[in-house]
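Notes to accompany the following structure.
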Amino acid sequence: MSAERHQAASAVRGSRGRWRRWRRARPFTAAVLIALGGLEMLATLRAPLGVLLHIGPQGLAAYLVPAILVICGVLLITTPQQRVFYAVVSLVLGLVSWLTSNLGGFVVGMLLALTGGALAFAWTPDKDGHPTGAGTEPTSPENDDVDEDDTALLPGMPSPDPSPVDRA
């Protein structure tokens, strides 16, 4: 029975590790905040206050701005390479929502969208493109596959000194 528990526990840890690596490879928190801001604005459109600015046929902008925010949140998760564009769109739409969507979803949705947009703009991926975290080994120059003799084959590089001098 103990071996089965150990196997189940290691499977859970493995799935948690995969989830953590997937989540850290994209601006996940920023995307969730942007999508929640858009959903909150959509929910407040049915509020009984008459603060809604009606632009176009029956206030189309009031529904369009939060819907685009939700789409930006989803796209941030699916395509993190375009994070700067989605972050700028989210920041602009978060500010525009003050006029179009009941004062930005009674300020709460606007603040969620602005915070998420700022986080998405500030997020940067790992420089190496390798996931970092538990279970991964950091890469170091000692582990490279380039030998000292291979550096002489590169054009424009001086050949290494065959007799290293001990400088004390």
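Any read-out appearing in this document is the output of simple, stated calculations on the displayed coordinates, not a laboratory observation. Fair warning: this is a prediction, and the values are worked out from it, not measured in the lab. We place every Cβ from the backbone using ideal geometry, glycine too, and count neighbours over all the protein chains shown.
Modelled this way, with points 7 Å down the Cα-to-C-beta line, the labels at A43 and V92 are 2.8 nm from one another. The ranking of S97, S15, S2 from fewest to most other beta carbons within 10 Å of each one's beta carbon is S2, S15, S97.
Return the FRET efficiency for the residue pair L64, R20: r is the Cβ-Cβ distance, R0 is 30 Å, and the value is rounded to the nearest 0.05.
On the way: r = 35 Å, r/R0 = 1.17.
E(calc), rounded to 0.05, equals 0.30.
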